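> First the structure, then my questions, so here it is.
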Amino acid sequence: MSSHSAPDTVCHQPERDARLSLDTLLTYLPPSAQRVLDCTGSLAQRGATLKRHGIAEAVGLVDASAGTPEGDEGYDRLIHGPLDFTPLDFEDSAFDCLLLTHVLERLRNPEAFLKPLVKCLSHEGLVLITVPNLQYHKTVFMLSEGRWAYGESGVMDRKNLRFYTAHEVRWLLQRLGFTNVRFASLVGDDPATLPRDAEGYIHHGDVKAGPLSDEQLGSWLTEYYLVLATRS
């Protein structure tokens, strides 16, 4: 790699955009989730998509970083502004599900933002989160080369203010009272892109890490996690 070239820090999984889409995420919601608060850093008619999937009540909480909504986004109610500073007036147990996409990474104080939202989630309600993974191998290897270069998407999206590994997300959710926290690799590279040697180590330049189990290797291959948790 030339010292002047921009490091590649984005997964090139063919279905990357489709896997990050709201249509895909909604397949993880149970039929009982009829009241949804969609906290997001993106637009593109998400309210209409929620309604198309049969959601009875769809409220949008859209971060200012997403731009200004143009026309009808399809929500029953839309709140738009900087999420860290937007006052919220939701009733307790108002929603069956909280969706957080392009949110955790753009907050100045995630715990302060999430605390009031926990109260508005019904008993045993579901929180569904997508979050980029700082442990993604392309990001780690970029750092090993002494670089920190922002881009337009993924871990190094120039809109991101905070960075997470699975451990940090689990710690945050458990502190807020969520239980049954589960992770899945939503977007990630094929294991063949990061082969292990005979002793189970991965190599890149001067970096040698391992030995890695299959589960540990998965943490290096994952660009975006899907996180599911329930309110205790």
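The values are calculated or read from the model by the stated rules, or taken from the named source; none is laboratory data. All values reported here derive from a predicted model rather than from experimental measurement. Backbone-built Cβ (ideal geometry, glycine too); neighbour counts: all protein chains shown.
> How about region 133-146: which of its residues are touching a helix residue (DSSP H, G or I) at 6+ places or on another chain (Cβ under 9 Å) and of a type in the set (D, E, K, R)? Can you show your working first?
The first filter runs over region 133-146 and keeps only residues touching a helix residue (DSSP H, G or I) at 6+ places or on another chain (Cβ under 9 Å), leaving 133-140, 142.
Residue satisfying the conditions is LYS138 alone.
> Output the residue which, of all residues in region 66-105 that are crowded, with 17+ Cβ neighbours inside 10 Å and in contact with a Lys or Arg (Cβ under 6 Å, 6 or more places away or on another chain), is nearest to PHE163 (Cα to Cα).
Looking at the filtered set, the residue picked out is GLU105.
> Take region 20-47 and flag every residue that is farther than 14 Å from THR130 by Cα and touching a residue at least 60 places away in the same chain (Cβ under 8 Å).
Correct list: PRO30, SER32, ALA33, GLN34, ARG35, VAL36, LEU37.
> Would you pick out the residues in region 146-160 that are exposed (fewer than 14 other Cβ atoms within 10 Å of the Cβ), closer than 22 Å to VAL207 by Cα and of a type outside the set (Gly, Ala, Ser)?
TRP148, TYR150
> Here is a further query. Look through region 20-39, keep the residues that are of a type in the set (S, T, N, Q) and within 24 Å of GLU91 (Cβ to Cβ), and return whichever of them is modelled with the lowest pLDDT. Break it down stepwise before answering.
Keep residues of region 20-39 that are of a type in the set (S, T, N, Q), which gives 21, 24, 27, 32, 34.
Checking the rest, the ones that are also within 24 Å of GLU91 (Cβ to Cβ) come to 32, 34.
Values: SER32: 90, GLN34: 95.
It comes out as SER32.
> Moving on. For region 26-59, which positions are outside any loop (DSSP other than H, G, I, E, B), touching a helix residue (DSSP H, G or I) at 6+ places or on another chain (Cβ under 9 Å) and among the hydrophobic types (A, V, I, L, M, F, W, C)?
LEU26, VAL36, LEU37, CYS39, LEU50, ALA58, VAL59
> Of the residues that sit in region 40-99 and are within 17 Å of LYS119 (Cβ to Cβ) and among the aromatic types (Phe, Trp, Tyr), which one is modelled with the highest pLDDT?
Once the filter is applied, the top-ranked residue is PHE95.
> Another question, then. Quick one: count up the residues across region 46-70 that are over 19 Å from the mean Cα position of the chain (by Cα) and within 23 Å of TYR225 (Cα to Cα).
The total comes to 1.
> Name the single residue, out of those in region 116-134 being surrounded by fewer than 21 Cβ atoms within 10 Å (Cβ to Cβ) and under 18 Å from the mean Cα position of the chain (by Cα), that is farthest from ALA56 (Cα to Cα). Give the steps one after another, and end with the answer.
Going residue by residue through region 116-134, those that are surrounded by fewer than 21 Cβ atoms within 10 Å (Cβ to Cβ) are 116-120, 122-124, 128, 134.
Pick out the ones that are also under 18 Å from the mean Cα position of the chain (by Cα) and you get 117-118, 128, 134.
On the way: LEU117: 19, VAL118: 20, LEU128: 18, LEU134: 35 Å.
Once the filter is applied, the top-ranked residue is LEU134.
> Still on this structure: Looking at this structure, is VAL140 at pLDDT 95 or above, over 14 Å from the mean Cα position of the chain (by Cα) and β-branched (Val, Ile, Thr)?
Numbers: at pLDDT 95 or above: yes; over 14 Å from the mean Cα position of the chain (by Cα): yes; β-branched (Val, Ile, Thr): yes.
For VAL140, the condition - at pLDDT 95 or above, over 14 Å from the mean Cα position of the chain (by Cα) and β-branched (Val, Ile, Thr) - is met.
> Okay, moving on. Among the numbered conditions (1) closer than 30 Å to HIS204 by Cα; (2) out of contact with any helix residue (DSSP H, G or I) (no Cβ under 7 Å at 6 or more places or on another chain); (3) of a type in the set (A, V, I, L, M); (4) surrounded by fewer than 19 Cβ atoms within 10 Å (Cβ to Cβ), tell me where LEU20 comes up short.
The failed condition is (4).
> Yes or no: VAL36 crowded, with 20+ Cβ neighbours inside 10 Å and in contact with a Lys or Arg (Cβ under 6 Å, 6 or more places away or on another chain)?
Numbers: crowded, with 20+ Cβ neighbours inside 10 Å: yes; in contact with a Lys or Arg (Cβ under 6 Å, 6 or more places away or on another chain): no.
No.
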